[in-house]
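Visitor: Dropping the structure in here first, questions after.
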Amino acid sequence: MGRVFQSDWELSLIRCLQDLIASRPYLKGLFVALTQLGEPFVPVLIIGFLYWGYRKKWGIYMALCALNAQVVNNYLKNIVCRLRPYMCNEDIVCLKPVDASGDIYDVALQGYSFPSGHSSCVSGFMSSLWFYKKLRPILYVSVPLIISVAVSRFALGVHYPTDVICGGILGILVTVVTDHFYERIDKRLLYLFIAVITVSGFVFCRSEDYFSVSGLTLGFLAGDLFEERCVRFHNTKNIVRMILRTLIGGLVFLALSQGLKYLFVLSFPDVSEKTDFFLRSFRYMISTFSVIGLYPYCFRFDLFRFHK
């Protein structure tokens, strides 16, 4: 199922914070709100706005950094296989499971603990923003944001402190490496290398998160190359069109991913866990390819002309 390695200081810190939450219930809401800042929804929304609306190149750069960070994060999770603290200690409570609809002790659903995906997500996103723009205010926002998300993760009992520390460092390191190679080697060669690393995880990874991220990554890589060769859309300076492009793109992705999910459930009701993982990756790949490579073709028809 997984490995257990923990130190006394980590357990003491988690218990201390959970005792504080128990005596002050409002703190739970605060930590849950803080942990939401590390969810991928906000970065995805911003990246979508940049890619479809404001500046395509900027959106591609940040998406690449974010996806690489999550691929490496989930890759390591499935190598290290560290169980979450509440899975190994009865006195530590899981206050916010990854998948609230499933068994909190199901590792395939809840994922492994090391390193923290939320920490790598927020640190990778903020560091990619810094590398692209290099504005000092970004640093002033990044440090407290990364620390707040990190503390919330082990306060809620779903990570050890070392998980969030290493997750934060990982997000920054992956961004540094991606930034180094982004303009230095041919895009197709870079994308091929990322794709090979991503697909190699299919051999041993056994968590839903990995197959979700792998599908998103492969779909993005293929979609960007397709768009560059066959679509070549232009960004817009009209803020209303930027917002509409982003909202519609998000809705198209949700409709496709959920539609394919129900289609696969109906078509393949009784499949093995491994097949289910592959189907999960495939539907995310198709959905991402569609919104990155195909959906922008609509922009060539100058939609939303009613607003000049």
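Visitor: Give a residue-ordered list of calculated ³J(HN,Hα) values for the stretch 34-47 (Karplus: 6.51 cos²θ - 1.76 cosθ + 1.60, θ = phi - 60°; whole Hz; x for Gly, Pro).
Guide: My calculation for the stretch 34-47 gives 5, 5, 5, 5, x, 5, x, 4, 5, x, 4, 5, 5, 4 Hz in order.
Visitor: What value, in deg cm²/dmol to 500, does the helix sum -39500 (n - 2.57) over DSSP H runs of n ≥ 4 give at 222 nm once divided by the residues of the chain?
Guide: -22000 deg cm²/dmol
Visitor: Also, quick follow-up: Please work out how many pairs of lysine residues in the stretch 8-301 are eight or more positions apart (or on different chains) and have Cα atoms closer than 22 angstrom.
Guide: 14
Visitor: Which listed residue (170, 285, 47) has the Cα farthest towards the positive end of the charge dipole for the stretch 8-301, taking +1 on Lys and Arg C-beta and -1 on Asp and Glu C-beta about the Cα centre?
Guide: 47
Visitor: Among 9, 198, 76, flag the residue with its Cα farthest along the positive direction of the charge dipole of the chain, charges on Cβ as +1 for Lys/Arg and -1 for Asp/Glu.
Guide: So the residue furthest toward the plus end is 198.
Visitor: Using the Karplus curve 6.51 cos²θ - 1.76 cosθ + 1.60 with θ = phi - 60°, work out ³J(HN,Hα) for each residue of the stretch 54-63 in order, rounded to whole Hz, and write x for Gly and Pro.
Guide: With coefficients 6.51, -1.76 and 1.60, one gets 7, 8, 4, 4, 5, x, 5, 4, 5, 5 Hz.
Visitor: With point charges of +1 on the Cβ of Lys and Arg and -1 on the Cβ of Asp and Glu, referenced to the Cα centre of the stretch 1-111, which listed residue (95, 34, 111) lies farthest in the positive direction of the dipole?
Guide: Selected residue: 34.
Visitor: Only four residue types carry charge here, +1 at the Cβ of Lys and Arg and -1 at the Cβ of Asp and Glu. Report the dipole size of the stretch 17-85 about the Cα centre in Debye, rounded to the nearest 20.
Guide: Approximately 140 debye in magnitude.
Visitor: Given +1 on the Cβ of Lys and Arg, -1 on the Cβ of Asp and Glu, and no further charges, what dipole in debye does the chain carry about its Cα centre, rounded to the nearest 20?
Guide: It comes to approximately 1460 debye.
Visitor: Roughly how many Å is it from the Cα centre of the stretch 103-122 to that of the stretch 9-51, as a whole number?
Guide: Centre-to-centre (Cα) distance: 13 Å.
Visitor: Still on this structure, please answer the following. Can you list residues from other chains, or at least 5 along the same chain, whose modelled amide H is less than 5 Å from the amide H of residue 82?
Guide: Correct list: 3, 113, 114.
Visitor: Let me ask something additional. With a cut-off of at most 12 other beta carbons within 10 Å, and DSSP calling the residue loop, which trypsin sites (Lys or Arg not before Pro) in the stretch 161-264 qualify? Please list them.
Guide: Sites meeting the loop and neighbour criteria: 184, 232, 237.
Visitor: Follow-up question, since we're still on this one. Would you work out the charge dipole size for the stretch 64-169 about its Cα centre, treating the Cβ of every Lys and Arg as +1 and the Cβ of every Asp and Glu as -1, and quote it to the nearest 20 debye?
Guide: Dipole size: approximately 620 debye.
Where a number appears in this text, it was derived from the coordinates with a stated rule and is not lab data. Predicted, not measured: the structure shown is a model, and the values here were computed from it. We place every Cβ from the backbone using ideal geometry, glycine too, and count neighbours over all the protein chains shown.
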